[in-house]
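Enquirer: Provided herewith is a single structure, encoded as structure tokens, for subsequent inquiry.
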Amino acid sequence: MEISTIQSLLERLFPVCRSITGNGVRRTLEILREIVDFNITEIPSGTTCFDWKVPDEWNITDAYLEDEEGNRYADFKFNNLHVVSYSEPVNKWLEFKELEPHLHSLPEMPEAIPYRTSYYKRDWGFCLTHRSLAEIDRSKRFHAVIESDLKPGSMTYGDIVLSGKSDQEYLISTYCCHPSMGNDNLSGVVLWAALLHEIQSLDLYHSYRFVIIPETIGAICYLSEHSEAMKKISGCLLPSNVAGPGRLGYKKTFIGDHTIDRIVEQTFLENGIEPVIYPFDILGSDERQYSSPGFRIPTGTICKDKYYEFQQYHTSLDNLEFANAGQLYETLQIYLGTIHNLEMNRNYLSRNPNGEPMLGKRGLYKSIGGSLVQPAHLGNKSHRDFKYKITTQKLTAGSDLDAMRWLLFYADGSKSLLDIAELINLPMSQLFGAARTLEEHGLIEEIQTGE
Amino acid sequence: MEISTIQSLLERLFPVCRSITGNGVRRTLEILREIVDFNITEIPSGTTCFDWKVPDEWNITDAYLEDEEGNRYADFKFNNLHVVSYSEPVNKWLEFKELEPHLHSLPEMPEAIPYRTSYYKRDWGFCLTHRSLAEIDRSKRFHAVIESDLKPGSMTYGDIVLSGKSDQEYLISTYCCHPSMGNDNLSGVVLWAALLHEIQSLDLYHSYRFVIIPETIGAICYLSEHSEAMKKISGCLLPSNVAGPGRLGYKKTFIGDHTIDRIVEQTFLENGIEPVIYPFDILGSDERQYSSPGFRIPTGTICKDKYYEFQQYHTSLDNLEFANAGQLYETLQIYLGTIHNLEMNRNYLSRNPNGEPMLGKRGLYKSIGGSLVQPAHLGNKSHRDFKYKITTQKLTAGSDLDAMRWLLFYADGSKSLLDIAELINLPMSQLFGAARTLEEHGLIEEIQTGE
Amino acid sequence: MEISTIQSLLERLFPVCRSITGNGVRRTLEILREIVDFNITEIPSGTTCFDWKVPDEWNITDAYLEDEEGNRYADFKFNNLHVVSYSEPVNKWLEFKELEPHLHSLPEMPEAIPYRTSYYKRDWGFCLTHRSLAEIDRSKRFHAVIESDLKPGSMTYGDIVLSGKSDQEYLISTYCCHPSMGNDNLSGVVLWAALLHEIQSLDLYHSYRFVIIPETIGAICYLSEHSEAMKKISGCLLPSNVAGPGRLGYKKTFIGDHTIDRIVEQTFLENGIEPVIYPFDILGSDERQYSSPGFRIPTGTICKDKYYEFQQYHTSLDNLEFANAGQLYETLQIYLGTIHNLEMNRNYLSRNPNGEPMLGKRGLYKSIGGSLVQPAHLGNKSHRDFKYKITTQKLTAGSDLDAMRWLLFYADGSKSLLDIAELINLPMSQLFGAARTLEEHGLIEEIQTGE
């Protein structure tokens, strides 16, 4: 996907007022469906999902806080963060002391409107800059107006499964419940769609389940509705906060050295990038649900900049000046490279396990022996299954003859291509190219490992 | 137990002439029984214990070595170290060259009387300062008098089992066979009694077997007499050399990272103390017997200063100026903290394993979301089962909400509270408090793991 | 074996023109059989060995390249490296441009004749110094003469099994197919024979299979001909490049911490030598065959200097000035020490597993207790099974009493003598001596572990 397409998606989606239910999510998914296919599902309010219930649906048309002279301190139409998400309707004149418990600001960031929610307790409130709050004449009376609607409806999510040949299915999940903030998590929403767009038409080896849901309640409902399928998921990537100006990072799965972790780290290595590594932490996103004891799906997040790690997090300053398409594109390459590497991560069995097979008679070995340097002219076969461009591999490729020898040596079915790449420090794509050559000569065969 | 009580025990017990059998041990146990309850058992001389036999009982009333002019070089009544323990009776006038093989001194520590024994070979001897030995006029004749008694009797030990709810039993064992030396091991004897005193009346989770025995032969006999019970012991703490002026230390079990080792190290960490760590060594005390191939009880020793590590070891300079109650008290806190942590080391199973349970509807979560800092007001529930004071936790407590979330995340029964504490770097007492809260809300349940 | 005997073997064997088949190998094995016994086997050309076939036999009597004036640029009788090994017969007058594709030289080493082969493609060629090549007047015509013979015959190898008591068999394999080069691999050939000579008449514990073969095709045929026996091999040492002037080194097995690796590293440690450690690499010698998926024999090589690591490798400069008997002798000591340690690597079971056995009643413990230093007077029993001299142990021996206590402690059958030596940092020979003493007193017994 072009950077300009990404930027235009960011700009169209940014103003939409999303929450965990309501038309904001519907509108967001509708825009994404202009470029990628996936299914939309509505879960009625009141549906029980394990320990939770889908709440009433929330919609909002307008909201403002003004004084007797018509000075506005918060205005939904100017910035949807001005209203506490899930505020019940209100239309009242109040003294400042009655109003005060309903106001939220950030003294340490006086120019920022904070992001606040009250999903499961009926309440209402306004978020305003601390500068505005400080300027209020507390002797005045104030008109609090929130034209919202909280009643039984449904919660909306999107999903699609791209089916591959292997018995492994990976989950790509993001959350679409945050209002106008760029990095958290409009960036994740757009990257999710771009990733789906890039691989949707490929002939895939593994299966990939793309899920886009409201955070927490959405993930819990999705697990509840697809319980059997989700217990079989091999691993998950969870795009979130992917378009900031800082360093690329990786938040590990709860296992820490799962295939997901290793393949992401291999991808960074092959691209010559050293990411900031974050250990698993229970303070996070839907990995909390996916990795819970009943499911234990190892879930990793490639990010830029990670939530909690940038000052603008959960405020109006996390906008499209902070997050942009060029930055998102960099992160997208790592997600694509990771999936590319996952696709190539196969196990092989030698058909000539006793001693080395004779490469010379198959034209895979030079005829004059004794010299030190081996020729390297197998060409680059590894990209033929993949149509997208990945950045230049920074992990230097070695001789293809060596790659073939190592593959033959380890081809007892117990080691994946990733295992071998880590052991001998070669890019997976070179090993995959060598594997293809060996397969064509009948020297190895791919096996399913059931991992 | 108050420091003054400890000091007074040390002073009363110091002069008693203990050996592996005899009235010294009996008198020692009798004094301890003034403050704690335990059983006394007598094993007759000649009883076979695996490869060993209980020796004849040894008692002594007086002993001295003097020359023709009545100059005394060794005098039992002045210091019981002057006589080689288990010396047979003697009353002879001797030339110096006949006497010399029976004299023991330490040239490198001329003011110290060494500690020597001859339990299993009939012999006699005097231990004297090297200064005294050097002053002897070797042309004189000498009167060697040892009024001892070596005949069939019995060997004495004490024990008691405090029964808890779990299926795990821990051993707390010390040795009471050393005569007047303070750190080795009157300090261990007194700490053993103080520890028993502190936990004797508590409602305990695990069972604790307190054993006080003569070193080596006592431990072997105890294993022989309680063979079946001892094969079921989960681990052992062996107080020994616990009241020196140096740094607190820990001698590891032969496994090195057994629960015993990890819980002791966690306790030191929580108290902000970095102990000297000693690897397991076959040169030691009764861990040699308890950890032998037939029993393999992992045995650790918290010490201050460890045997072999101080110059005064096994001499008359290991006295109550070297070892004192204040120092013993510091070590006692680590033993108590270790048992406290052992008590809290439980495994939990989530009753809501699918996704996170909803904490909000149970009042365990704030209603306004989106902000960074979580409130921490669960209070401190962890100490309610324990009446003694432990030193301030130096491992800083985190938010109780996080503690609950981590517990819920790991609550698949496979991880103990210690495992979780190590993983997330929180004090066990905070996790235990959080576990209690979650149990009260029916969110987790304790399970037996049979470890 | 004396250094002078080694030197005389090197000098007699150096001029022989070896290849993968032919009289050079036969003559080499014949000379070795003057000092050691082993069997000779001939495998007919055309025999199928897994994916390979034994090639026609190659013999050569003369070869030279000269110009019209009789100037010689390559002369087999001066140095057999001048001819590409397995060159087909030729006798032609050629223009330089016809000759050029058949010439091999090393521009970066102008004084060296390179070593080249063309085993499996019919071809011919001369190897000459780059200086000679540069001096050639390319306008002349040249007479290329190779008096060789390529026809069905057989491939020759040698082997012998020395049978021991245990159920473990180790392989000692080297390759004898290289013409006149000293370190690679005449040194390995001579060390192989010297090692066999040293242990051939000993009363061995393990079995040792000594194999001397042409590289690659020889190893593959040997595996094919002795498939069942080779699947039972416990490990392999592969002497190769053992007489250079550089540091001793060790190339690890593909497992990396196999018993073979650990015992070699223990041997270096006991000798106070820190070797250069090389990880396993598929670029190597017959470990590629022995460790292939069908056999997986862990194979290590103690070397000095390793192939690829010295500039003279695979050239005429790898001669007997580079490699010599004194240097080979140093490496031989490490091979002997390694086998010595392998021989002692046994597992023991205590006959008194409950508590410590009483050493005193068996005269293994001093009678006066309490002092710090233990006597060490068991003598050195460990060498009695071995007649050869090994270098002074640099890993300092401890007290024999401690060695006995540790052995008794670990004597549950699960730990080998090597495991114990590593754990407590004592030389294996001291532990073995202590084990013998304990066995004589009926305290432990040796067990087979089936490893």
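The values are calculated or read from the model by the stated rules, or taken from the named source; none is laboratory data. On a predicted model such as this, the values are computed, not experimentally measured, just so you know. Neighbour counts are summed over all protein chains in view; Cβ atoms, including those assigned to glycine, are modelled from backbone coordinates with ideal geometry.
Enquirer: Among the residues in region C:286-294, are any closer than 24 Å to C:ASN39 by Cα, in contact with a helix residue (DSSP H, G or I) (Cβ under 8 Å, 6 or more places away or on another chain), assigned by TED's automatic domain parsing to the domain that holds C:THR47 and of a type in the set (Asp, Glu)?
Expert: Scanning region C:286-294 turns up at least one residue that is closer than 24 Å to C:ASN39 by Cα, in contact with a helix residue (DSSP H, G or I) (Cβ under 8 Å, 6 or more places away or on another chain), assigned by TED's automatic domain parsing to the domain that holds C:THR47 and of a type in the set (Asp, Glu).
Enquirer: Can you tell me which of C:VAL16, C:VAL84, C:VAL90 is outside the structural domain of C:GLN312 (by TED's automatic domain parsing) and touching a Lys or Arg at 6+ places or on another chain (Cβ under 6 Å)?
Expert: After ruling out the rest, the residue left standing is C:VAL84.
Enquirer: Just name the residue that is farthest from the other protein chains (Cβ to nearest Cβ) out of those in region C:89-99 that are surrounded by 15 or more Cβ atoms within 10 Å (Cβ to Cβ) and closer than 24 Å to C:TYR119 by Cβ. Reasoning before the result, please.
Expert: Here is the first cut: in region C:89-99, the ones surrounded by 15 or more Cβ atoms within 10 Å (Cβ to Cβ) are C:90, C:94, C:96, C:99.
Cutting the leftovers down to closer than 24 Å to C:TYR119 by Cβ gives us C:90, C:94, C:99.
Details: C:VAL90: 16, C:LEU94: 19, C:LEU99: 16 Å.
Per the criteria, the residue is C:LEU94.
Enquirer: Now a separate question. Consider region C:88-109. How many of its residues are part of a loop (DSSP other than H, G, I, E, B) and under 14 Å from C:SER132 (Cβ atoms)?
Expert: Final tally of qualifying residues: 4.
Enquirer: Can I ask one more? Name the strands (runs of 3 or more DSSP E) wholly inside region A:23-86 in which the number of residues that are crowded, with 20+ Cβ neighbours inside 10 Å and either of a type in the set (A, V, I, L, M) or away from chain B (no Cβ under 14 Å) (or both) is 3 or more.
Expert: Because the criterion is at least 3 residues that are crowded, with 20+ Cβ neighbours inside 10 Å and either of a type in the set (A, V, I, L, M) or away from chain B (no Cβ under 14 Å) (or both), the strands (runs of 3 or more DSSP E) in region A:23-86 that meet it are A:57-67.
Enquirer: Let me ask another. Look at region B:284-305 and say how many of its residues are more than 14 Å from chain C (Cβ to nearest Cβ) and of a type outside the set (S, T, N, Q). Don't jump to the end; show me each part of the working.
Expert: So the first thing to find is which residues in region B:284-305 are more than 14 Å from chain C (Cβ to nearest Cβ), and the list is B:300-305.
Still in the list and also of a type outside the set (S, T, N, Q): B:300, B:302-305.
Adding up the residues that qualify gives 5.
Enquirer: Being more than 26 Å from C:ASN354 (Cα to Cα), touching a helix residue (DSSP H, G or I) at 6+ places or on another chain (Cβ under 7 Å) and of a type in the set (D, E, K, R): is that true of B:GLU265 here?
Expert: no
Enquirer: Something else now. Does any residue of region B:135-151 turn out to be closer than 30 Å to B:ASP261 by Cα, loosely packed, with under 13 Cβ neighbours inside 10 Å and either within 35 Å of the chain's Cα centre (by Cα) or of a type outside the set (D, E, K, R) (or both)?
Expert: No, because not a single residue in region B:135-151 is closer than 30 Å to B:ASP261 by Cα, loosely packed, with under 13 Cβ neighbours inside 10 Å and either within 35 Å of the chain's Cα centre (by Cα) or of a type outside the set (D, E, K, R) (or both).
Enquirer: Separate question: Any idea how many residues of region A:160-179 are in contact with a Phe, Trp or Tyr (Cβ under 6 Å, 6 or more places away or on another chain) and either surrounded by 23 or more Cβ atoms within 10 Å (Cβ to Cβ) or not in a loop (DSSP other than H, G, I, E, B) (or both)? Outline the logic, then answer.
Expert: Narrowing region A:160-179 to residues in contact with a Phe, Trp or Tyr (Cβ under 6 Å, 6 or more places away or on another chain): A:160, A:162, A:164-166, A:170, A:172, A:174.
Retained after the next criterion (residues that are either surrounded by 23 or more Cβ atoms within 10 Å (Cβ to Cβ) or not in a loop (DSSP other than H, G, I, E, B) (or both)): A:160, A:162, A:170, A:172, A:174.
Count: 5.
Enquirer: Could you check region C:306-355 and list, in sequence order, the residues that are in a loop (DSSP other than H, G, I, E, B), within 14 Å of chain B (Cβ to nearest Cβ) and in contact with a strand residue (DSSP E or B) (Cβ under 8 Å, 6 or more places away or on another chain)?
Expert: The answer is C:ARG351, C:PRO353, C:GLY355.
Enquirer: Specify which of the listed residues (A:ALA411, A:ALA403, A:ALA435) is touching a Pro at 6+ places or on another chain (Cβ under 9 Å), buried (at least 18 other Cβ atoms within 10 Å of the Cβ), on the phi < 0 side of the Ramachandran plot and at pLDDT 90 or above.
Expert: Result: A:ALA411 is the single residue among A:ALA411, A:ALA403, A:ALA435 that is touching a Pro at 6+ places or on another chain (Cβ under 9 Å), buried (at least 18 other Cβ atoms within 10 Å of the Cβ), on the phi < 0 side of the Ramachandran plot and at pLDDT 90 or above.
Enquirer: Quickly run through region B:273-283 and pick out the residues that are in contact (Cβ under 8 Å) with a residue 24 or more places away in the chain and at the interface with chain C (Cβ under 10 Å from one of its Cβ atoms).
Expert: B:PRO279, B:PHE280, B:ASP281, B:LEU283
Enquirer: Taking A:VAL264 as the residue in question, decide whether it is under 15 Å from A:HIS340 (Cβ atoms) and away from chain B (no Cβ under 14 Å).
Expert: yes
Enquirer: Looking at A:TYR120, is it within 30 Å of the chain's Cα centre (by Cα), hydroxyl-bearing (Ser, Thr, Tyr) and at pLDDT below 95?
Expert: yes
Enquirer: Restricting attention to region C:408-429, does a residue exist that is aromatic (Phe, Trp, Tyr) and farther than 18 Å from C:GLU343 by Cα?
Expert: yes
Enquirer: Go through (1) within 12 Å of chain C (Cβ to nearest Cβ); (2) of a type in the set (Lys, Arg); (3) buried (at least 24 other Cβ atoms within 10 Å of the Cβ) for B:LYS251 and report which single condition fails.
Expert: Just one mismatch for B:LYS251, condition (1).
Enquirer: If you don't mind, another one. Given (1) at pLDDT 90 or above; (2) within 31 Å of the chain's Cα centre (by Cα); (3) among the aliphatic types (A, V, I, L, M), identify the lone condition not met by C:LEU359.
Expert: (2)
Enquirer: I'm told B:ARG138 meets every condition in (1) assigned to a loop (DSSP other than H, G, I, E, B); (2) more than 21 Å from B:ASP67 (Cα to Cα) except one. Can you identify the failing condition by its number?
Expert: (2) is the only condition that B:ARG138 fails.
Enquirer: Still on this structure, please answer the following. Out of curiosity, is A:SER132 among the polar types (S, T, N, Q) and assigned by TED's automatic domain parsing to the domain that holds A:THR315?
Expert: Judged against the criteria, A:SER132 is not a match.
Enquirer: Considering A:SER240, A:SER224, A:SER201, which residue is within 27 Å of A:TYR86 (Cα to Cα), surrounded by fewer than 24 Cβ atoms within 10 Å (Cβ to Cβ), hydroxyl-bearing (Ser, Thr, Tyr) and assigned by TED's automatic domain parsing to the domain that holds A:ARG12?
Expert: When all the criteria are applied, what remains is A:SER224.
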